[in-house]
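One structure below.
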Amino acid sequence: MELKSQVALVTGAGSGIGKAAAIMLAGQGAKVGILGHTRSEIERTVTEIVDAGGQALVLEADVASEGDMRRAVDELVTTYGQLDIVVANAGINGVWAPIDDLKPEEWDKTISVNLRGTYLTLHTTVPHLKSQGGGSIIVISSINGNRTFTTPGATAYAATKAGQVAMVQQLALELGKHHIRVNAICPGEIETSIEDNTRQRHAEETAIPVEWPAGQVPISDGRPGRSEDVADLVQFLASPRSRHITGVPIYIDGGQGLLR
């Protein structure tokens, strides 16, 4: 229970990595704001936490909406009195297509959710971390755009994930004097439902003609990682045990990125 007395916000907490992270943080004693745009999903996450003896709050919001984010963060701080941990996890794969086929509105949607959403999450929460005297921000990025560049047509997605790491490194210096740590987690292939919001067109036009080894994840006999694997790292970065770590992108891909 090393996070007892701490308050956390997790975006995209209705499923996948966000849900696993929220449950992990609550299991360590944190009160958790469960933020997402699908109410039924975030309610299920809250129910699981409460049934296990934890405390959690439903925060229905679109991370790309300034009004939604301000209302959600204000509700969280009003309810629990403080904010110490921010996990900026919400994101989409969006449309993967050749650059001359990728529509401007498709590009804008990916940028809006992944990059604007991360900006608004930090923009609305940092004042509370400053007033609290410090805290930990954890941004869920990806190996795509940072370690690997071979996903066919994923230009918009890769750009947002690279942008998130740049934000993390910039803000680690900006916020250090306020005792706020800012780090990025860059997962590889993880079993989540993010494929539900992925559309791919004409992959054959952008795919790299390489024959990968059987199984892309060396350390797990080719199997993808689990959301809980990422949640364990979230817990560490949220805790005092990572007190001297900031501005760091941490790859959690079982060696996948080294193959690609």
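Just so you know, all these numbers are worked out from the coordinates, no wet-lab data involved. Keep in mind that this is a model prediction, so the values were computed, not measured. Every residue, glycine as well, gets a Cβ built from its backbone with ideal geometry; the counts of neighbours run over all protein chains shown.
Tabulated data
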| quantity | calculated |
| --- | --- |
| Listing of helices (runs of 4 or more DSSP H) fully contained in the stretch 91-193 that carry 1 or more residues being of a type in the set (V, I, T), within 20 Å of A231 (Cα to Cα) and within 13 Å of the chain's Cα centre (by Cα) | 117-132, 155-176 |
| Residue among K177, K109 that is among the basic types (K, R), surrounded by fewer than 19 Cβ atoms within 10 Å (Cβ to Cβ) and farther than 26 Å from H37 by Cα | K177 |
| Among (1) touching a residue at least 12 places away in the same chain (Cβ under 8 Å); (2) surrounded by fewer than 18 Cβ atoms within 10 Å (Cβ to Cβ) - the single one T45 does not satisfy | (2) |
| Residues (without any contact (Cβ under 8 Å) to a residue 60 or more places away in the chain and either of a type in the set (V, I, T) or touching an Asp or Glu at 6+ places or on another chain (Cβ under 8 Å) (or both)) located in the stretch 154-179 | T155 |
